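Have a look at this one before I ask anything.
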Amino acid sequence: MSDSQSVTIVRRWFEEGWNKKDSKLIEELFSPSFRADGGPHGILDRLGYKQYFEAVHLASPDIQCKIVELLDAGEYVVSKIISEGTHSGSVKGIEASGEFVSTEVIDVWYIVDGKIVERKNAEFDLVGLKEQLNQRVRFESE
C-alpha cells in the first residue's frame, strides 16, 4: 500500500527537511499561512517555525527524526517520531551540555492542496528532555 499525498508530504518533511537539514523545504511544503501550535516553542507562523528549525539544528547539528508511525486520516496525518541528537550548541540561553538526548514527539499535521497548513503538537516529552539535559530549563510552552 502506498502512502497518501498527505503522508508523503509529512514523511518528506522529516526525512529531507529535519534529517538532511533542508530548511528550503519549508517554502515548498508549508502554506504561507502555516501555524505551529504547541511543543517547546509555543505558537509560531511559518517564519517562526523556520527560525525554530534553524535554532534546533544549531543546538544539535546531528539531530535525526526516526519515524515510528505515520497515521493517514485524509487531510490529517498523525506522526509519532523519536528525535535524537547531541546537545552540542547553545540555544535560548541553554548552554551546550554535550548530552545525547532522545525525545518522543507526537504531532497532528493538517494538509490542504498539497501544503502543510497546521502542525499541532499532541505530545512532547519536556520532562524527559529536561532530565536528559540535567538542567532546569523553561520552554516557551510552559
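Could you identify the single residue in ASP45, ASP3, ASP37 that is free of Cβ contacts under 8 Å to residues at least 24 places away in the same chain and either touching a Phe, Trp or Tyr at 6+ places or on another chain (Cβ under 8 Å) or not hydroxyl-bearing (Ser, Thr, Tyr) (or both)? Talk me through it step by step, then tell me what you get.
Working: ASP3 fails: free of Cβ contacts under 8 Å to residues at least 24 places away in the same chain; ASP37 fails: free of Cβ contacts under 8 Å to residues at least 24 places away in the same chain.
It is ASP45.
Would you call GLY89 touching a residue at least 24 places away in the same chain (Cβ under 8 Å), touching a helix residue (DSSP H, G or I) at 6+ places or on another chain (Cβ under 8 Å) and not acidic (Asp, Glu)?
On the way: touching a residue at least 24 places away in the same chain (Cβ under 8 Å): yes; touching a helix residue (DSSP H, G or I) at 6+ places or on another chain (Cβ under 8 Å): yes; not acidic (Asp, Glu): yes.
Yes, satisfied.
So, GLU27, is that one assigned to a strand (DSSP E or B), more than 13 Å from the chain's Cα centre (by Cα) and loosely packed, with under 14 Cβ neighbours inside 10 Å or not?
On the way: assigned to a strand (DSSP E or B): no; more than 13 Å from the chain's Cα centre (by Cα): yes; loosely packed, with under 14 Cβ neighbours inside 10 Å: yes.
Judged against the criteria, GLU27 is not a match.
For VAL56, are the conditions met, namely being touching a residue at least 60 places away in the same chain (Cβ under 8 Å), within 21 Å of ALA122 (Cβ to Cβ), out of contact with any Lys or Arg (no Cβ under 7 Å at 6 or more places or on another chain) and aliphatic (A, V, I, L, M)? Walk me through it before giving the result.
Numbers: touching a residue at least 60 places away in the same chain (Cβ under 8 Å): no; within 21 Å of ALA122 (Cβ to Cβ): yes; out of contact with any Lys or Arg (no Cβ under 7 Å at 6 or more places or on another chain): yes; aliphatic (A, V, I, L, M): yes.
When the stated conditions are applied, VAL56 does not pass them.
Yes or no: the stretch 13-22 includes at least one residue that is at pLDDT below 95 and either assigned to a strand (DSSP E or B) or farther than 18 Å from LYS120 by Cβ (or both). Step through it out loud before you land on a result.
Applying the first criterion (at pLDDT below 95) to the stretch 13-22 yields none.
No - not one qualifying residue is present in the stretch 13-22.
I'd like to verify a number: residues in the stretch 1-12 that are assigned to a loop (DSSP other than H, G, I, E, B) and buried (at least 16 other Cβ atoms within 10 Å of the Cβ), how many? Walk me through how you get there before you give the answer.
Start the filter on the stretch 1-12 by keeping residues that are assigned to a loop (DSSP other than H, G, I, E, B), which leaves 1-4.
Cutting the leftovers down to buried (at least 16 other Cβ atoms within 10 Å of the Cβ) gives us 4.
So the answer is 1.
The values are calculated or read from the model by the stated rules, or taken from the named source; none is laboratory data. All figures in this text were calculated on a predicted structure; none of them were measured in a lab. Cβ sites come from the backbone with ideal geometry, for glycine too, and all protein chains shown count toward neighbours.
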